[in-house]
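Asker: Questions regarding the structure given below will be posed in turn.
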Amino acid sequence: MGVSHLYILVVLVICALIPLILDGVERKLRAVLQSRIGPPITQTLYDLLKLALVKETKITPTTLYATFTLVSAVATSLASLYYTVIYIISGDLSSIFYSIALLATSTTAHTITPLLVPNPYSIIGGMREVVLAIVNEAALILSISLYATIVERLIAGGSSPVLLVATTLVVVVALISSYVASGRVPFDIAEAEAELASGVLIEFSGRVLALNIYSLLLRRLASKLLVLAPTLALISGHGASTLILSLLALPALWTVYATVAVVLGRSRVDLAPLTLAKIYIVLITISITVLLVVTRA
């Protein structure tokens, strides 16, 4: 099925704006759940505009490199969204693999940025992010790849009870890893220690800080859409209507993740990646074993 480039461009513009509003909704939701009034829904947009246009950017010897990596993170997140949209519309399985690879690239660019800042607190926080990314990205890449492959097989009529069990396990891993990739509690590892106050953001200001925040918000959107894409394709097939359904479902999934973040408590920084690794290994091993049994049957 052919996909209009103009159509994709319009969708990407919408996707570029959606996380600014959804983050405002999340902040409002957190306030309500914590019995506070909270900021207006448009507060995130105001904050980024103020940082980018009004606030001074602190210049360090590595500001240019940090800006480059953050721009790269934003660009690759948008490219990831582009290929996810193509998969949703056309069902081209290779597109979902491109999208996963680009999202991993975006995460890498965003994660190494703190290591470029000449501040020990930022470097400590950055190393925590690196450890978490190493554990989580492998699970995210593998689970989404398996999920999309299974879904296309189910769409083609290859359903079986055993395959549905594997699908359920893979979905669980995909949901957990996409939540972790969103950088919410208790997996905002770089900011998990009180003495590090702002963690990796300690030297960021002005446009660099705005880029850092925006790249994280885009990554949150891209990781959620990667989970929604195969799910809704399984329900309604591929096409423009499924894309519209995906965009409508994004606020619901975003709200679920935001609610979970409010309910979850802090975790020790050294325990979170280790706990995740144990969960991922068990679930993914069972999933792959089940798939091998189905394939050989």
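The values are calculated or read from the model by the stated rules, or taken from the named source; none is laboratory data. Since we're looking at a predicted model, the values are computed, not measured. In this analysis, Cβ positions are derived from the backbone assuming ideal geometry, glycine residues included, and neighbour counts consider all displayed protein chains.
Asker: With the requirement that a residue be in contact with a Leu (Cβ under 8 Å, 6 or more places away or on another chain), over 22 Å from ILE189 (Cα atoms) and among the hydroxyl-bearing types (Ser, Thr, Tyr), what does the range 68-111 give you?
Answerer: The answer is THR76, SER80, TYR82, TYR83, THR84, TYR87, SER99.
Asker: Any idea which of THR67, THR84 is hydroxyl-bearing (Ser, Thr, Tyr), under 21 Å from the mean Cα position of the chain (by Cα), farther than 25 Å from ILE141 by Cα and in a helix (DSSP H, G or I)?
Answerer: THR67
Asker: If we scan the range 282-295, do we find a residue that is at pLDDT below 90, in a loop (DSSP other than H, G, I, E, B) and in contact with a helix residue (DSSP H, G or I) (Cβ under 6 Å, 6 or more places away or on another chain)?
Answerer: No, the conditions are met nowhere in the range 282-295.
Asker: Okay, moving on. Starting from the range 168-183, keep only residues that are closer than 16 Å to LEU103 by Cβ and touching a residue at least 40 places away in the same chain (Cβ under 8 Å), then list their pairs with residues that are outside any helix (DSSP H, G or I) and hydrophobic (A, V, I, L, M, F, W, C) whose Cβ atoms are within a distance under 9 Å, requiring at least 6 positions of separation or different chains.
Answerer: Every condition considered, the pairs that remain are TYR179/PHE187; VAL180/PHE187; ALA181/PHE187.
Asker: Here's something else I'd like to know. Counting only residues that are surrounded by fewer than 17 Cβ atoms within 10 Å (Cβ to Cβ) and of a type outside the set (Phe, Trp, Tyr), which one in the range 63-77 is modelled with the lowest pLDDT? Give the derivation first.
Answerer: Within the range 63-77, the subset surrounded by fewer than 17 Cβ atoms within 10 Å (Cβ to Cβ) is 64-65, 68, 71, 75.
So of that shortlist, the ones also of a type outside the set (Phe, Trp, Tyr) come out as 64, 71, 75.
Values: LEU64: 91, VAL71: 95, ALA75: 95.
Here the answer is LEU64.
Asker: Report yes if some residue within the range 104-121 is assigned to a helix (DSSP H, G or I), without any contact (Cβ under 8 Å) to a residue 12 or more places away in the chain and either within 24 Å of ILE59 (Cα to Cα) or charged (D, E, K, R) (or both); otherwise report no.
Answerer: Yes: one or more hits.
Asker: Can I ask one more? May I ask you to verify whether LEU33 is without any contact (Cβ under 8 Å) to a residue 40 or more places away in the chain, surrounded by fewer than 17 Cβ atoms within 10 Å (Cβ to Cβ) and out of contact with any Cys (no Cβ under 6 Å at 6 or more places or on another chain)? Let's see the steps before the verdict.
Answerer: On the way: without any contact (Cβ under 8 Å) to a residue 40 or more places away in the chain: no; surrounded by fewer than 17 Cβ atoms within 10 Å (Cβ to Cβ): yes; out of contact with any Cys (no Cβ under 6 Å at 6 or more places or on another chain): yes.
Against the criterion (without any contact (Cβ under 8 Å) to a residue 40 or more places away in the chain, surrounded by fewer than 17 Cβ atoms within 10 Å (Cβ to Cβ) and out of contact with any Cys (no Cβ under 6 Å at 6 or more places or on another chain)), LEU33 does not qualify.
Asker: Turning to a different aspect of this structure: Restricting to the range 135-167, and then to whatever is in a helix (DSSP H, G or I) and without any contact (Cβ under 8 Å) to a residue 60 or more places away in the chain, can you tell me which residue is farthest from the chain's Cα centre (by Cα)? Talk me through it step by step, then tell me what you get.
Answerer: At the first step, the residues of the range 135-167 found to be in a helix (DSSP H, G or I) are 135-155, 161-167.
Adding the requirement that they be without any contact (Cβ under 8 Å) to a residue 60 or more places away in the chain leaves 137, 141, 145, 149, 153, 161, 164, 167.
Working: GLU137: 10, ILE141: 11, SER145: 15, THR149: 20, ARG153: 25, PRO161: 30, LEU164: 25, THR167: 20 Å.
Only one residue tops the list, namely PRO161.
Asker: Need pairs with beta-carbon distance below 7 Å; first residue closer than 11 Å to PHE204 by Cβ and within the range 51-72, second among the polar types (S, T, N, Q) and part of a helix (DSSP H, G or I); sequence gap 6+ or separate chains.
Answerer: Listed pairs, sorted by first residue: ALA66/THR113; LEU70/THR113; LEU70/ASN212; LEU70/SER215.
Asker: For the structure I just gave you, tell me whether ILE176 is under 23 Å from VAL290 (Cβ atoms), more than 20 Å from the chain's Cα centre (by Cα) and hydrophobic (A, V, I, L, M, F, W, C).
Answerer: Criteria not met by ILE176.
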